[in-house]
Amino acid sequence: MLNALFWFLLLLFLGWLAFPLAYRFLSFLPERGYSFSKALALLLWGFIYWLLGSYGLLDNSAAGMLVALAILAGLSAWARAKLPRGDLVAWLKANRALVISIEALFLLAFAFMVYVRAANPEV
């Protein structure tokens, strides 16, 4: 069960890391891309790792994954810098209930899938 907790915390961290990217590029959505930030983070992190690994710039190791994560963090910092000052924080404060409900829904779906996976005898 510690692995499930680790994955949940990792996805939570990645979602918050990629939220400025989602906020900037998915601004046409009513929730400004918050609900897609976790999937976007995993997709971009994996794509950066795969692309740089394919060109031989990164090793297939934990260090390579951390470099790809640092690149994702840099992209997110760039997107955050391009936003108007205080816009992201103001949106989070104004939509606190929406953020909490999205996180609660994600937690329920994640817990359900952990339960389904734990009940599966075929490992």
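The values are calculated or read from the model by the stated rules, or taken from the named source; none is laboratory data. For clarity, every value in this text was computed on a predicted model and none was experimentally measured. Glycine gets a Cβ as well: all are built from the backbone with ideal geometry, and neighbour counts include every protein chain shown. Ligands, DNA and RNA are excluded from the accessible area calculation, which covers all protein heavy atoms including side chains. Shrake-Rupley method; radii C 1.70, N 1.55, O 1.52, S 1.80 Å.
Can you tell me how much longer the chain between A111 and K82 gets when fully stretched, taken as 0.36 nm per residue apart minus their C-alpha distance, in nm with one decimal?
Result: 6.9 nm gained on full extension.
For the chain, what is the mean residue ellipticity at 222 nm derived from helices alone (per DSSP H run of n ≥ 4: -39500 (n - 2.57); sum divided by total residues; nearest 500 deg cm²/dmol)?
When only DSSP H runs of four or more count, the value is -26500 deg cm²/dmol.
Please report, in debye to the nearest 20, how large the charge dipole of the stretch 27-116 is about its Cα centre when each Lys and Arg carries +1 at its beta carbon and each Asp and Glu carries -1 there.
Around 340 debye, computed over the stretch 27-116.
Among A81, G53, G15, pick out the residue whose Cα is farthest towards the positive end of the charge dipole of the chain, where Lys and Arg carry +1 and Asp and Glu carry -1 on C-beta, about the Cα centre.
With unit charges placed on the Cβ atoms, the residue in question is A81.
Determine how large the accessible area of F110 is when every protein chain is in place; take a 1.4 Å probe and give Å² rounded to the nearest 10.
40 Å²
Count charges around S27 for me, please; just the other residues with Cβ under 12 Å from its Cβ, Lys/Arg as +1, Asp/Glu as -1.
Neighbour charge sum, excluding S27 itself: +1.
In terms of the ratio Rg/(2.2 N^0.38 Å) built on C-alpha atoms, what value belongs to the chain?
1.19
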